[in-house]
Structures are given as C-alpha cells and as structure tokens.
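The values are calculated or read from the model by the stated rules, or taken from the named source; none is laboratory data. These figures come from a predicted structure and were not determined experimentally. Cβ placement follows ideal geometry from the backbone for every residue including glycine, while neighbour counts extend to all protein chains displayed.
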Amino acid sequence: MFPANPAHPQRVRVIPFQHGLGPLDYAVPAGMTLNAGDAVEVPLGPRRIIGVVWDLDSAAAPEVPASKLRAVAARLDLPPLAAPLRRLIDWTADYYVAPLVQVVRMAWPSVAFLPARALTEYRLSGPPPARMTPERAKALELLAGRGTGTLGSARDLARIAGVSEAVIRGLVAAGTLVAETVSGDASPPLPDPDHAAPVLSPDQQAVAATLVDAVDAAQFAPFLLEGVTGSGKTEVYFEAIAAAIRRGGQVLVMVPEIALTAPWLDRFAARFGCQPLAWHSDLKTSERRAAWAAIADGRARVVVGARSALFLPYARLACIIVDEAHEASFKQDEGVHYHARDVAVMRGRMEGLPVVLATATPAIETQVLASRGTYRHLHLPSRFGGAQLPQVRLVDMTRHPPARGAWLSPVLGAAISETLALGEQSLLFLNRRGYAPLTLCRACGHRIQCPDCTAWMVEHRLSRRLACHHCGHQLPVPASCPECGATDHLVACGPGVERIAEEVQRTWPDARIAVVTSDTITSPARAAALVTAVEQRSIDIIIGTQMVTKGYHFPDLTLVGVVDADLGLQGGDLRAGERSWQQIVQASGRAGRGHKPGRVLIQTHQPGAALMQALGKGDAAAFFAAEIAARRDLGQPPFGRLAALIVSSTDADAARLGAQALGAAAPVRDGLLVLGPAPASMAMLRGRHRHRLLIQARRELPLPAILRDWLARVPLPASVRVVVDVDPYSFV
Ligand code: ADP
Ligand code: ZN
C-alpha cells in the first residue's frame with residue numbers, strides 16, 4: 001500500500017444530498033483533484049446525485065475495500081465550503097443531533113447549483129388565454145396586481161398567484177406568460193461606509209470604538225450590546241459594519257423577521273447610500289441565485305436576513321450582528337432545531353470574528369454569559385437626544401374593571417381620549433391575533449376545536465373565518481353550533497386585536513385605526529405602507545400584536561396601553577416571565593421616542609406579581625435576580641441543559657408505544673433526569689398524536705452523545721417520528 005498523499009487523496013468521504021443517507025466513500029479518478037468542501041457529483045445506484053467532499057483519505061477506516069469503490073463522477077464548479085464553515089456544520093449537526101446533510105443544505109440550498117447565468121423567467125405580457133378557468137383568472141388577477149414585478153420563474157409565479165405550477169405552465173403554453181432570459185448574477189450595490197456617518201454621543205462613541213476595534217482585530221469576540229429602546233444601538237453597530245466594509249469584509253445582520261425590516265432597510269440606505277442584500281424566503285429563484293452567488297464570492301458586502309442567512313458560505317465574513325437578540329424566533333423549530341443566536345456566536349468562534357448581540361431586553365441565558373464575562377457587556381444607558389423613557393403605570397383591573405363586554409379600563413380609556421385630544425398617537429398592545437380565541441355554544445357548551453390539533457379555532461372577523469393558529473386549518477364561521485345545531489347561540493369568548501379594534505371604533509368613532517398583526521402586515525410593502533401612514537399622522541390608534549413592538553420609531557406616539565399583561569404568564573413555561581417582560585418592555589419602548597414624553601399603562605389583574613412590580617418600577621434587577629436564582633436552584637438553563645424528544649404518529653397507539661419504548665430505554669446516569677413520556681399539551685398537531693420526553697442534564701454531561709446512543713438503542717416503526725429538540729423553547 002502506498003502512503004496516503006494528502007494533496008492527492010485516492011478516496012474521499014462524501015456526504016450525499018439524499019435524506020436518510022450517511023457519508024459514503026468514493027474513489028478519486030485519475031486526473032481529478034479534490035479537496036474537502038468541494039461539491040461533487042457521485043453515482044448512487046443507477047443515478048447521479050450531488051454531494052460534498054467532507055473528509056480526504058477516509059481510508060484510515062475503510063469499510064469498503066478500495067477495489068469495490070465507485071468513482072466520483074465530477075467536481076462541480078462551486079466555491080468549496082471553507083474549513084471554518086465545515087467545522088460549524090459539524091458542530092451544529094453534533095450539538096443539535098441533526099443529520100449532517102440537512103445542515104449542509106442550509107449553506108448550499110438548491111439555488112447554489114443553478115447555472116449562474118441565463119435563467120428563464122416569465123412575464124405577464126401576452127394576450128389573455130383563449131380558454132379562461134377560475135384558476136387562471138385568479139392567477140392573472142394576482143399577477144397583474146404585482147405590476148412589473150410579475151417577472152419570475154414558474155415556481156415563483158405559482159407561489160405569488162397561489163395556484164399550482166401546472167396552471168402557470170398552461171398560461172405559458174397559451175402565450176399569456178412570455179419567457180424571458182434574465183441574468184442570474186447581477187451584483188448588489190456597494191454600501192459606502194462614509195455616505196452619511198452620524199455624530200455619535202460620547203456614550204455611543206465609546207461603544208462604537210470598542211466594536212470597531214474588535215472588527216479590526218479580526219478575532220473571535222462576542223458582545224452583548226445592551227441599551228434601552230431608542231438609545232442608538234443600531235447607529236452604533238452601523239459603525240462596526242462600516243469598519244468591516246472598509247476592511248473589505250462582509251457583514252451578516254440577523255433579524256428576527258425579514259418582513260418587519262422595511263424601516264431598518266431605509267435607515268441602512270440613509271447611512272450607507274444603498275440597500276443591503278436581503279436574504280429571505282420571498283426572493284424569486286433568480287434573485288436568490290444571484291444573492292447566493294454574491295454572498296459566496298464576497299460581492300454582497302452586507303447581508304440582512306433571518307435564521308436562514310446564518311449558514312450561507314460568506315467568502316469574507318468580518319462581523320455578525322444579531323439584532324433584537326432576545327427574540328424567540330431565532331430558535332428554529334422545524335428541520336434542524338437550532339438557535340440562530342447561539343450558532344451565530346459559534347460561527348464567530350470558528351471564523352475568528354466579532355459577534356454582537358444587540359437588544360434592550362437580553363435573554364436570561366445572555367445575561368448570565370455576560371455577567372460571567374464570556375460575552376463582553378456594552379451598555380448604552382439612555383435614550384439618544386435627551387428623549388426620556390416613558391412613564392409606566394400599572395392599572396389594577398380588579399379596581400378599575402372595564403364595562404361589560406369591553407376590555408379597556410376607564411383609566412386607559414381616559415388616557416386614549418387625552419392623547420387623541422392632543423393630536424398624538426396611541427398603541428394598544430395585545431399579543432393575540434384575530435377577534436376571539438374561542439367560540440363557544442351557549443346552548444350545549446361545545447367549543448369549536450381544530451379537527452387536527454389540540455387547539456381552539458380562533459375567530460377572525462375581518463376574514464369571516466375560524467382559523468387554527470397551529471396548522472392553518474380554516475373554516476367559515478358557522479351559523480349554527482356544529483354539535484347541537486342551535487342557531488344564534490355561538491358566542492365569541494375573550495379578546496383578540498380585532499375585538500379591541502371594534503371596541504376602539506365603537507368608543508372613538510372618529511379615530512383612525514390600524515390593526516397590525518401578521519394577518520394584516522403580510523409583506524415588506526405592507527409594513528412600509530403602515531410606517532408611512534403612521535408617520536404622516538393618518539393613523540391615531542394602532543392596535544397590534546408583538547409584531548408592532550419590533551423596531552418601529554414613531555415620534556408622535558406617546559401612549560402605549562398593554563391590554564392584558566397577564567396573558568403571557570399563562571401556560572407558564574420556564575421563560576414565561578422573561579418573555580412577558582421582553583414583550584411589554586419592547587411595546588413600552590414605542591412610546592415617547594420623539595420630543596414628546598411618553599406614558600405606558602399596563603392592565604393587570606396581579607399588580608403585586610414580581611413581574612408587574614419590575615415593570616411598574618422600571619427596575620428589572622430584582623425580578624431577574626429571582627428568576628436567575630430559581631433557574632440555578634432547579635438546574636434549568638443556562639445552569640443545566642434541556643432537550644426534548646417529541647414522539648409523534650398519525651396512529652395514536654403507535655405514538656404512545658413509541659414514547660413508552662423510549663421511556664423504558666431512558667439513559668440512567670448521575671446528573672441526568674428524564675421526565676415523561678407524557679402526552680404533549682398539544683396532544684395532537686396537524687393530525688399527529690404527540691408525546692414528549694424532557695431530559696434535564698448537568699452541563700458537563702455529553703448530552704448529544706447520550707441522546708444519539710439512546711435513540712440508536714430503540715428501533716421504532718417508520719410510522720413513528722422522533723424529533724430531537726436540544727435547548728427547547730417550545731414546550732407544547
Ligand atoms: P435602538 O436601536 O437602541 O432602539 P436607534 O439606533 O434606533 O436605537 O436610535 C433611536 C433613534 O435615535 C433613531 O431614530 C436614530 O436615528 C436616532 N439616533 C440615535 N443615535 C443617533 C445619533 N448619534 N445621531 C442622530 N440620530 C441618532
Ligand atoms: Zn390545527
């Protein structure tokens with residue numbers, strides 16, 4: 001045997017892009033040079049599939065003798081996955097107990113393999129089809145509504161029009177949609193670091209200098225950038241971005257939800273002279289392909305995106321910003337169950353670059369890491385330009401109850417009237433979409449439930465439907481009780497934002513109102529329209545869910561009313577108090593951001609609760625000290641670690657038996673506690689019966705290995721699915 005030559009390996013280990021398949025060894029044909037991270041095509045059975053070279057010379061442990069190996073078919077012309085990113089992928093797959101290939105696909109989504117140029121897209125520029133069907137008519141109407149934006153691939157247009165691709169293809173065949181060739185690799189504009197730099201306050205200047213130094217040092221450096229809402233965190237991290245651009249590097253800015261970034265994008269453009277590259281699921285295939293290519297070769301200098309932007313193969317990443325780092329939406333609960341905030345920090349470590357977690361309301365995990373010195377803690381203590389934080393007052397609902405059938409106390413009502421009289425704006429915050437969370441029959445007591453989930457159907461009066469907020473199932477609001485048939489006995493129970501809007505309209509008929517939820521703000525364009533309407537003062541009262549608490553800066557908004565501060569405490573998982581605090585502080589932070597002082601009224605039935613006291617006094621220290629002490633005592637994160645196993649099946653018995661089998665084989669070990677199996681509180685979801693096990697482990701235990709070993713010991717039928725959720729945020 002010849003010694004292995006690392007420069008020209010004879011066999012390589014490849015991760016094939018095929019679900020359920022582990023790494024496979026292939027021979028390297030004569031004349032082909034392969035390196036780790038290269039994209040390849042390999043034979044698999046009668047087919048050829050794409051894969052990535054993960055290890056060279058895996059001959060160290062050959063399961064298949066060299067003579068039996070099939071050869072790599074081709075090396076693809078793609079920038080190879082760099083070593084630090086491969087390490088990150090390895091780490092993520094290991095830590096979150098996920099298949100490697102699923103993590104690799106987050107770096108190399110399908111568009112990575114499209115040809116760079118000359119994509120075919122379709123435009124609505126031909127005559128109407130000779131044969132019109134309802135589907136076609138619907139598609140044409142929606143596409144026409146998009147104006148010139150109707151250029152897209154068949155798949156994109158199908159998505160935009162809400163029809164199948166076959167309908168789009170039919171319209172192509174009919175000549176209504178006309179094919180055009182578009183270039184797939186247009187370059188994003190280059191942000192100018194000196195376009196419009198602000199004059200920073202001394203506090204801001206000091207923090208910005210620290211971040212700029214960290215970017216220049218080009219070493220791993222995690223930061224918690226904590227500052228009250230309106231303190232200028234964005235302006236300050238813009239300086240870090242400018243420094244990275246000056247050095248020729250790239251910056252990734254992660255945001256909780258790309259649909260809400262319109263105001264942020266405008267601010268970025270005002271500061272840097274052009275928009276950054278936005279990476280999101282709404283991109284058309286050609287745009288996505290171009291964006292991916294520009295990220296992979298470094299032309300895209302600043303990329304803003306939600307979770308999915310994190311694993312992309314940036315050529316010259318120099319800094320990562322996680323904006324609103326406390327947001328739970330950074331936790332992905334499908335596919336690979338990972339926390340983008342935590343993986344972002346890990347990416348910084350692997351690539352040797354600063355990571356900035358910016359937030360006014362840091363998560364307990366982040367607070368603890370900062371207090372230990374693991375993260376460097378930077379503070380912006382006051383609002384910029386002398387703006388004062390709003391005055392906060394608790395409204396005891398037991399002493400100031402609202403009128404029958406109403407939800408706003410007289411105290412809040414009076415404040416709204418005063419605000420209207422001054423010509424200023426109010427925001428009413430209630431984190432519940434729709435009109436009413438429950439529809440009940442007064443004749444028989446029946447509650448209308450989703451057929452596929454353990455959940456009530458939520459009435460949406462604007463769309464006249466009942467909807468399940470878990471699976472999306474919808475039905476028209478029935479005229480009579482589906483159980484007993486009684487008519488006129490169905491009543492809506494409890495408020496959602498639409499119901500509050502109704503009360504507001506009834507009480508202040510002349511007020512101009514906007515309901516802001518994911519049902520009404522469905523696109524960046526809608527978000528931008530809302531911002532304009534509020535800024536031009538054509539809205540008096542905004543009624544919104546947590547969607548409205550994120551990032552908006554409305555100078556004339558002076559009153560925030562929290563309709564039900566107790567809502568988030570129901571259900572009571574370990575983060576309930578923390579999450580309520582974050583939401584209410586963020587909502588409060590919308591008040592008084594301009595020259596006029598703001599005030600916040602918090603409606604609660606438990607004004608004595610620690611959380612309410614913390615909110616009322618604007619002093620969270622005691623509240624968090626107690627929360628952190630409790631977590632430490634109970635060995636909860638970040639002091640101990642949690643993982644959940646969610647066992648599900650469409651067959652109730654199979655799910656139960658599967659969960660029992662896992663329970664019976666649970667690892668027994670010092671410092672490890674397995675709770676369950678028990679039916680999940682969401683016992684049925686999307687038609688699947690669900691059981692849960694919760695593992696609590698001391699930090700020093702090798703949790704991923706324990707989980708892997710456990711799962712490997714329990715064979716389960718194909719009808720049973722087990723989801724591993726490491727560091728879970730959802731406990732339903
Ligand atoms: P945060 O991100 O902490 O909520 P922002 O960066 O959004 O704060 O700042 C709040 C408001 O104050 C924004 O309108 C911002 O443009 C403005 N602002 C903050 N710092 C400065 C500055 N140094 N110069 C001019 N405007 C500033
Ligand atoms: Zn459902």
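Brief remarks follow.
- As for the stretch 107-127, it holds at least one residue that is in contact (Cβ under 8 Å) with a residue 12 or more places away in the chain and touching a Pro at 6+ places or on another chain (Cβ under 6 Å).
- Check on S580, within 16 Å of ligand 1 (Cβ to nearest atom) and among the small types (G, A, S): no
- Residues considered: A270, A300. Of these, the only one that is surrounded by fewer than 23 Cβ atoms within 10 Å (Cβ to Cβ) and over 18 Å from V345 (Cα atoms) is A270.
- Set L427, L466: member being assigned to a strand (DSSP E or B) and under 26 Å from W581 (Cβ atoms): L427
- Checked against the criterion of being surrounded by fewer than 21 Cβ atoms within 10 Å (Cβ to Cβ) and assigned to a loop (DSSP other than H, G, I, E, B), the stretch 361-369 has no qualifying residue.
- Selection within the stretch 478-516: residues that are assigned to a loop (DSSP other than H, G, I, E, B) and in contact with a Cys (Cβ under 6 Å, 6 or more places away or on another chain). The member of this set that is nearest to L427 (Cα to Cα) is H489.
- When the test is whether a residue is exposed (fewer than 13 other Cβ atoms within 10 Å of the Cβ), small (G, A, S) and part of a helix (DSSP H, G or I), G385 passes it.
Quick grid of which residues meet (1) away from ligand 2 (no atom under 16 Å from the Cβ); (2) assigned to a helix (DSSP H, G or I); (3) over 24 Å from E418 (Cβ atoms):
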position	(1), (2), (3)
T558	yes, no, no
R579	yes, yes, yes
R593	yes, no, no
P607	yes, no, no
F623	yes, yes, yes
P637	yes, no, yes
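- Residue-level analysis places E502 among those that are among the charged types (D, E, K, R) and modelled with pLDDT of 95 or more.
- On the stretch given as the stretch 446-463, residues that are in a strand (DSSP E or B) and either out of contact with any strand residue (DSSP E or B) (no Cβ under 8 Å at 6 or more places or on another chain) or more than 9 Å from ligand 2 (Cβ to nearest atom) (or both) total 5.
- Some residue of the stretch 356-363 being touching a strand residue (DSSP E or B) at 6+ places or on another chain (Cβ under 8 Å) and under 23 Å from V732 (Cβ atoms): no
- Taking first residues from the stretch 294-317 that are at pLDDT 95 or above and partners that are of a type in the set (S, T, Y), the Cβ contacts under 7 Å between residues at least 6 apart in sequence or on separate chains come to I295/Y314; V304/T261.
- Top-ranked residue of the stretch 507-521 - restricted to ones that are of a type in the set (S, T, Y) and either modelled with pLDDT of 95 or more or surrounded by fewer than 17 Cβ atoms within 10 Å (Cβ to Cβ) (or both), ranked as farthest from M547 (Cα to Cα): T507
- Test: V215 is within 16 Å of ligand 1 (Cβ to nearest atom), under 25 Å from E351 (Cβ atoms) and part of a helix (DSSP H, G or I): no
- Count of residues meeting criterion [closer than 30 Å to R632 by Cβ, aliphatic (A, V, I, L, M) and away from ligand 1 (no atom under 16 Å from the Cβ)] in the stretch 366-410: 5
- Hey, V212 buried (at least 22 other Cβ atoms within 10 Å of the Cβ), touching a residue at least 12 places away in the same chain (Cβ under 8 Å) and of a type outside the set (F, W, Y) or not: no
Table: residues versus (1) of a type outside the set (A, V, I, L, M); (2) in a helix (DSSP H, G or I).
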residue	(1), (2)
A626	no, yes
R631	yes, yes
A655	no, yes
P679	yes, no
A697	no, no
S719	yes, no
P728	yes, no
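- The set of residues in the stretch 407-424 that are surrounded by 17 or more Cβ atoms within 10 Å (Cβ to Cβ), hydrophobic (A, V, I, L, M, F, W, C) and outside any helix (DSSP H, G or I) comprises W407, L408.
- Count of the stretch 123-140 residues which are at pLDDT 85 or above and not in a helix (DSSP H, G or I): 8
- Search result, residues across the stretch 162-209 that are surrounded by fewer than 18 Cβ atoms within 10 Å (Cβ to Cβ), more than 16 Å from ligand 1 (Cβ to nearest atom) and small (G, A, S): G162, S164, A166, A173, A174, G175, A179, S183, A186, S187
- Of all residues in the stretch 470-498 being touching a Gly at 6+ places or on another chain (Cβ under 8 Å) and of a type outside the set (A, V, I, L, M, F, W, C), the one that is farthest from ligand 2 (Cβ to nearest atom): E498
Residue-by-condition table, conditions (1) aliphatic (A, V, I, L, M); (2) at pLDDT below 95; (3) part of a helix (DSSP H, G or I):
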| site | (1), (2), (3) |
| --- | --- |
| H337 | no, no, no |
| R341 | no, no, yes |
| A358 | yes, no, no |
| R393 | no, no, no |
